[in-house]
Amino acid sequence: MLNILSTASESTQTTLSLVSIDAGTIVFTLINTLIIFLIFRIFLYKPVCKILEKRKQLAAAEIADAKKAKEDAEKAQQEYTARLADAKNEAAEIIRSANARAQKREEEILAEATQKAADIRQKAEESIERDKQRALNEVKDEISEIVVMAAQKVVEKEISVEDNEEIISKFLEEVGAAK
């Protein structure tokens, strides 16, 4: 066991010589760390920060562009909606106007047709009245001729002119009253 203890004490002494603190090594290590820090700062940190800043600016620009595009799309949608509403209103107005014109034209056509029918009816009534008068006049003429012939026959039998006229007048009155 002693042997183990002596070996352990020797190994701790050699280990102590490996872990010794040397001021020169500390300073050298600090200088190396500082140099590595400066190299990383100059060659790695600043370029990475610049790249990150550029990406940040690019992202901000893209976000701004997206917001502007969204606003433009919303404006376009509002304009489209307004135009669509205007088009619907205009179409409704056109339909109302067309219906009003059609109604007015219908009334005009009905008025014209009514007027033409009244004119045709009036002309027909006038034509009927003329034909009726003509027929009556023809009948009167025929009756007068018959009466005159009858009167001539009666006159031949010695009826006076006054009697003849009285007979004709009575006959014409009877025919006129029979109408």
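The values are calculated or read from the model by the stated rules, or taken from the named source; none is laboratory data. This is a predicted model, so every value here is computed, not measured. Neighbour counts run over all protein chains shown; Cβ positions are idealised from the backbone, glycine included.
With the structure loaded, tell me whether residue 109 is surrounded by 10 or more Cβ atoms within 10 Å (Cβ to Cβ), assigned to a helix (DSSP H, G or I), within 37 Å of the chain's Cα centre (by Cα) and β-branched (Val, Ile, Thr) or whether it fails that test.
yes
How many of the residues making up region 161-179 are over 24 Å from residue 133 (Cβ atoms) and either surrounded by 12 or more Cβ atoms within 10 Å (Cβ to Cβ) or modelled with pLDDT under 70 (or both)?
4
Is it true that residue 140 is at pLDDT 70 or above and in contact with a Leu (Cβ under 9 Å, 6 or more places away or on another chain)?
So residue 140 passes the test.
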